[in-house]
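Contents: one structure, followed by commentary.
The values are calculated or read from the model by the stated rules, or taken from the named source; none is laboratory data. Bear in mind the structure is a predicted one, so any value in this text is a computation, not a measurement. As a convention, Cβ positions derive from the backbone with ideal geometry for all residues, glycine included, and neighbour counts pool all protein chains shown.
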Amino acid sequence: MSKDTTPLLTEVLGVTIEHPNGNNQKSSVEGTPNHSLAQVFPKWLKVARLWFEGDERWLARGYALACVCLSLGTTTLLVRISYAQRNFETAMAGKDTVGFYKAVWEFVMIICIAAPLFALNDWVEARLVMEWRRWLTRQLLIGYFSNRAFFKLHQQLDTVDNPDQRICDDVPAFTDSSVMLCLGMMRKLFNCIAFAGVLYTVAPKLVLFLMAYSVFGTWFTASAFGKRLMRLSYRQLQNEGNLRFDLVRTRENAESIAFYSGEAREAAIATSRLILLINTLRLKLAWEAGLAIWTNCYSYATILVPSLLTAPRYFSGEVEFGVITQVGFAFHRIESALSMVVNNLSKFSGLAAETERLDSLFAALRNRGTEQLRIVRLPSPSAGLSLQSLTLLTPGGGQTLCRDLDLGLAPGQSLLIVGPSGCGKSSLLRAIAGLWTDGSGIINCPMPVDMFFLPQKPFMPLGNLRQQLLFPSGEGTRELGSRRELSVSDLELQSLLEEVRLPALAERVGGFGAELEWAHVLSLGEQQRVAMLRLLLHRPGLAFLDEATGALDTATEAALYAALRRSCRSYISVGHRMQLLEYHTHVLENVGGSHWKFYTADQFAGQAKDRK
C-alpha cells in the first residue's frame, strides 16, 4: 500500500486519522454501536411493529398470516416426503416391486402439490417484502420532508449520517433480511417440532444430542463472532454512505470544482473514503472466513452421527433400511433448525446494523427538539411582522447573532436588512421561517402559506418548465400540507415571464413541457428571475429576499422590485447594494456584534450621508 494512504488505515482501529486536507479529525467509528445481537432485538421489534400496528396493519397481518399458513403447508409436505422416501428405500432394499412403484407414485403426487405450493410461498414472501418496504420508505419520506426535518438533520450531521442511504438502501435490506430470517426461523421451528416427533420415536438419543450440540454452537458463535460482525456491518454501511455522499457532492458542485482545478483534492478525499471502506470489508471478510471455518466444522461434524447411532439397530434387525434414511433426513432438518443462528450469523449481524441505523433515523425524525423562540402565526392575510425581545443564537448556541431586538413592520411597509458579511442577516430570515430556533423572544408573523422566501441561489427542482415556474406548488404538495395547488394557463405563465424579463425562455427551451437540467441550462441571473416569477405567481402577504437579485443588472432589478410592490403587501430584503434603499420604507442595520438599529429609509439615508 502507498505511503499516502497508510495513515488512513488507523481509522479502522478507531483512533485519530490523517485526513487528506492535512488536518486530523476523529474517526467516525466512535459512533459505531457496541451492542450484542440480543441487545438490538428490542429496537428491531420497535421498527418492525410500525407496519403491523400502523394504518395498513390488516394488509401486513394478512401477508404474515398467509406466510405462516404456507410454511405449515410446506412443512407438512416435507414430513410426507420423508415418509415417502423411507418407503421408497425400504422397498428397494427388500426388492418389493409393488411397494417400490407405490412409493414412487406417492412421491410424484406429493411433488405435484409441493411444486406450486413452494412457488406460491416464495411469491407471497416477495410481496410481503415489497409492501413492507413501500410502507416503511413512505413513512420515512413523509417524516423526512415534514417539519423541515431534512434541514434539521443537515444542521446536525453528528446525529444521523447519510439519511438518504438509510432510506434508499437500509430499508430494503432491513425488510428483506427480516422476512427471510423471521420466516426462516419459523419454518425451522415447524420443522423442528414436526421432525422431532419422527426422530424421537426411532432414536431419542439423537434428539438430546442435537439439543445440547445446538445450544453450545449457538452460544459460541454469537459470543465469538456476533458483536464483531455487527460492528463491522454497521461500519461498512457508514463508509459506503460516506463515499456515495462525497461523489454526489462532487457531481452537484462539478462546475465550482472544475473552476478551482480542485479535482485532485476531491479525488484524494474520495479515494480515502474508498480505502476506509475496503479496509472495513477486509476485516469483515476475515471474520466471515473464520466464521465459515467454524460453521463448516460445526456442520460436517454431525454428518455421520445419524448412521452411527441407527446402524447397530439396523444390523440387529430392529429397524428397516429405510428408517436409516428417514432418521438422517429428520436429523439434518432438526440440526439445520437448531443451527439457524450459527449458519446465518452474517445475515443476523447485517440486520442488526440496519436496525440500529433505521431506529436512530426514526428517533431523529421524531425528536423535533425544544423550540425556545416563540413563533406566533397570525391567520389574518393582512398580518404584518413584529419581533419582540428577540435574542437569536446559532444552532448549538455558539454565537449570539442579535440580542433583545424589537421591530415592527406593518402591511404596506418594506424592510432592508444591511450589515457586514457574517453578522446574521440571513439568520434572521431563518428564525422567522422557523429553521433556527435557538434563542428567546417572540416572532409574530403570517401563516407559512402567506410568506415566501427567495434565497440567493434558487433551487431548481426536477421537472418540466411549467413545474419549475409553479414551484413549490404543484402536484403532491397538498399531502405534506405545504401550499395550495395552482391552476395557471400557459398565457398567464408567458405574461409573467415577460414581466420578469424572460420573454423568450419557453420558446428557447422547447415549451412549458420541456424537461431539462435547469440548474445548468439557466444562468444564475435567469434562475433569480425564475424565482421572482414564482413569488409573483403565489402573491404572498409577506415576501423575503435574501440577496435574491444579486446577479441582476440594476435595470432588471428595478423592474422586478416594481413588480414586487404590485404583488406583495410587505417584503423584507437582505442586501449590500445602496440602490436597494429606494425600494424599501425601513432599514435594519447591524451596528456591531449582536447589536442592531432600526431606521426609516430617510433616516438611514441621512446617516449614510453623515458617515461619508
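The selection criterion, being within 43 Å of the chain's Cα centre (by Cα) and outside any helix (DSSP H, G or I), holds for Y571. Residues in the stretch 258-267 that are assigned to a helix (DSSP H, G or I) and surrounded by fewer than 16 Cβ atoms within 10 Å (Cβ to Cβ): A258, F259, Y260, E263, A264, R265, A267.
Every condition in (1) outside any loop (DSSP other than H, G, I, E, B); (2) within 30 Å of C402 (Cα to Cα) holds for E507 except the one numbered (2). Looking at the stretch 388-406, can you tell me whether even one residue there is in contact with a strand residue (DSSP E or B) (Cβ under 8 Å, 6 or more places away or on another chain), charged (D, E, K, R) and surrounded by 17 or more Cβ atoms within 10 Å (Cβ to Cβ)? The answer is yes, given that some residue of the stretch 388-406 is in contact with a strand residue (DSSP E or B) (Cβ under 8 Å, 6 or more places away or on another chain), charged (D, E, K, R) and surrounded by 17 or more Cβ atoms within 10 Å (Cβ to Cβ).
Does the stretch 136-150 contain at least one residue that is more than 46 Å from the chain's Cα centre (by Cα), surrounded by 13 or more Cβ atoms within 10 Å (Cβ to Cβ) and of a type in the set (A, V, I, L, M)? No. If we scan the stretch 559-569, do we find a residue that is in contact with an Asp or Glu (Cβ under 8 Å, 6 or more places away or on another chain), farther than 27 Å from S487 by Cα and modelled with pLDDT of 90 or more? No, that holds for no residue. Considering each residue of the stretch 488-504 in turn, at least one proves to be in a loop (DSSP other than H, G, I, E, B), at pLDDT below 90, assigned by TED's automatic domain parsing to the domain that holds A558 and not charged (D, E, K, R). So, V587, is that one out of contact with any Pro (no Cβ under 7 Å at 6 or more places or on another chain), in a strand (DSSP E or B) and crowded, with 20+ Cβ neighbours inside 10 Å or not? In short, yes. Does T280 satisfy the condition of being touching a helix residue (DSSP H, G or I) at 6+ places or on another chain (Cβ under 7 Å), closer than 30 Å to D122 by Cβ, β-branched (V, I, T) and assigned to a helix (DSSP H, G or I)? So T280 fails the test.
For the stretch 516-531, the criterion of a residue being in contact (Cβ under 8 Å) with a residue 40 or more places away in the chain, touching a strand residue (DSSP E or B) at 6+ places or on another chain (Cβ under 7 Å) and assigned by TED's automatic domain parsing to the domain that holds S414 is satisfied by at least one position. With respect to the conditions (1) crowded, with 22+ Cβ neighbours inside 10 Å; (2) out of contact with any Ser or Thr (no Cβ under 9 Å at 6 or more places or on another chain); (3) not basic (K, R), M460 falls short on a single one, namely (1).
Of all residues in the stretch 407-423, those being surrounded by fewer than 17 Cβ atoms within 10 Å (Cβ to Cβ), farther than 15 Å from K597 by Cα and either in contact (Cβ under 8 Å) with a residue 24 or more places away in the chain or in contact with a His (Cβ under 9 Å, 6 or more places away or on another chain) (or both) number 4.
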